[in-house]
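The values are calculated or read from the model by the stated rules, or taken from the named source; none is laboratory data. Please read these numbers as outputs of a predicted model, since none were measured by experiment. Cβ placement follows ideal geometry from the backbone for every residue including glycine, while neighbour counts extend to all protein chains displayed.
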Amino acid sequence: MFAKIAGTGSALPERVVDNFEIARNVDTSDEWIQSRTGVRTRHIAGEETAVSLAIDASKEAIKDAGISPEEIDLVIVSTVSAEQLLPCLACEVQAAVGADNAAAFDVNAACTGFITAYQIAVGQMKAGLAKTALIIGTECLSNIVDWTDRGTCILFGDGAGAAVLKADTTCETEILPMVLHADGRKGGVLTCGSGTGNGKSAYGRYVQMDGKEIYRFAVKEVPMVIKELLSLSGWEAGDVDYFVLHQANRRIIEAIAKRLHLDESRFPMNMMDNGNMSSASIPVLLDSMNKKGMLKPGTRLIIAGFGAGLTWGGTCLTW
Ligand code: ACO
């Protein structure tokens, strides 16, 4: 049994906000933001919502996979920035795309969310409970950002990415290695909850973080996860075409590549144009790689996410 991504899609809000616009509202500069984070622009929702972006990305992924929505057994949405608690976004997507035969639920594992959704879907396939899954990462982080806090508002963007995953039951190859980790004791370094609101973000609560701690966490744990996956799969680092990582910021990815003694060119990035979109970062990046023709049958990927919780994990994937 082998799980494969059969199609991808993405959706970004129309409005693009550059660093100069941000610098008109808080004491910062394009030079500071680019040099510390790599971000030049980000998309910020106007009329769009986490739900509408998820639906648009999903429709594109279903079309790309060439399947009918009725074939989908499972819809999983990863998000930390839904407009509402109920109904869950996955049910809204299920209804909008016509995935009438699917089970649907949301997961919250922050920037590790898309990887988590992927692993749940593959697990369901391995258990014989699903053959086709639609997995989505969608965020409107602009609603939970304090736009007066220059330490955080510079980082984030809105968007959604989706993938259709199909099980090949005729294939005897086992599913490829996947790992997930968490350390709830360190959860305080990145939070967004009731009691953190000051009325300046749309939802009355906003993201707070210890940037240096997150940097240290990511640069330590992500190389270890990549080494863990290499060891489990038997792949050499040289066998991997691309390392697709959560797009928190450029300096984190550069430091991870350096620690692994790997060339940065094997770490595709999109945070320059899109900012950090939490659980949407990886699927939006996968979709753009797919559309650029970078992903061909047999292309080997290691995908890794890290974020609030703290959570982190990754998976080996063959296109
Ligand atoms: N513009 C100008 N100056 C700023 C800004 C800004 N936007 N933000 C902070 N500063 C100032 C600070 O006030 C401080 O000034 P001071 O020395 O006078 O006190 C100085 O710059 C240094 O501040 P630091 O917070 O120490 O800045 P640092 O070099 O650590 O960079 C950053 C901050 C970019 C957030 C860094 O810590 C980082 O990359 N951390 C990783 C966090 C991250 O990527 N989070 C994403 C969300 S989590 C996730 O997706 C996993």
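Values computed for the structure shown
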{"quantity": "Hits in the stretch 27-42 - residues which are part of a loop (DSSP other than H, G, I, E, B) and surrounded by 15 or more Cβ atoms within 10 Å (Cβ to Cβ)", "calculated": "Thr28, Gly38, Val39, Arg40"}
{"quantity": "Inter-residue pairs, beta-carbon under 7 Å, first touching a residue at least 60 places away in the same chain (Cβ under 8 Å) and near the ligand (Cβ under 9 Å from one of its atoms) and in the stretch 295-310, second assigned to a loop (DSSP other than H, G, I, E, B) and of a type in the set (Asp, Glu), 6+ apart", "calculated": "Leu310/Asp183"}
{"quantity": "Selection within the stretch 83-111 - touching a residue at least 40 places away in the same chain (Cβ under 8 Å) and part of a loop (DSSP other than H, G, I, E, B)", "calculated": "Glu83, Ala109"}
{"quantity": "Selection from the stretch 239-263 of residues that are at pLDDT 95 or above and part of a helix (DSSP H, G or I)", "calculated": "Arg250, Arg251, Ile252, Ile253, Glu254, Ala255, Ile256, Ala257, Lys258, Arg259"}
{"quantity": "Out of Ile72, Ile135, Ile67, sole residue that is β-branched (Val, Ile, Thr), buried (at least 20 other Cβ atoms within 10 Å of the Cβ) and more than 30 Å from Arg205 (Cβ to Cβ)", "calculated": "Ile72"}
{"quantity": "Among the residues listed as Ala61, Ala45, Ala23, the single one being surrounded by 15 or more Cβ atoms within 10 Å (Cβ to Cβ), within 26 Å of Thr148 (Cβ to Cβ), under 19 Å from the mean Cα position of the chain (by Cα) and of a type in the set (A, V, I, L, M, F, W, C)", "calculated": "Ala45"}
{"quantity": "Top-ranked residue of the stretch 128-156 - restricted to ones that are within 15 Å of the ligand (Cβ to nearest atom) and among the hydroxyl-bearing types (Ser, Thr, Tyr), ranked as farthest from Arg42 (Cα to Cα)", "calculated": "Thr148"}
{"quantity": "Residue tally, condition out of contact with any Phe, Trp or Tyr (no Cβ under 8 Å at 6 or more places or on another chain) and either within 16 Å of the ligand (Cβ to nearest atom) or free of Cβ contacts under 8 Å to residues at least 40 places away in the same chain (or both), over the stretch 216-243", "calculated": "11"}
{"quantity": "Long-range neighbours under 8 Å by Cβ, at least six apart or interchain, first residue free of Cβ contacts under 8 Å to residues at least 12 places away in the same chain within the stretch 28-43, second near the ligand (Cβ under 10 Å from one of its atoms) and part of a helix (DSSP H, G or I)", "calculated": "Ser29/Asn19; Ser29/Ala23"}
{"quantity": "Yes/no for Val284 being part of a helix (DSSP H, G or I), in contact with a strand residue (DSSP E or B) (Cβ under 8 Å, 6 or more places away or on another chain) and within 16 Å of the ligand (Cβ to nearest atom)", "calculated": "yes"}
{"quantity": "Options Ala160, Ala117: the member that is touching a residue at least 12 places away in the same chain (Cβ under 8 Å) and touching a Leu at 6+ places or on another chain (Cβ under 8 Å)", "calculated": "Ala160"}
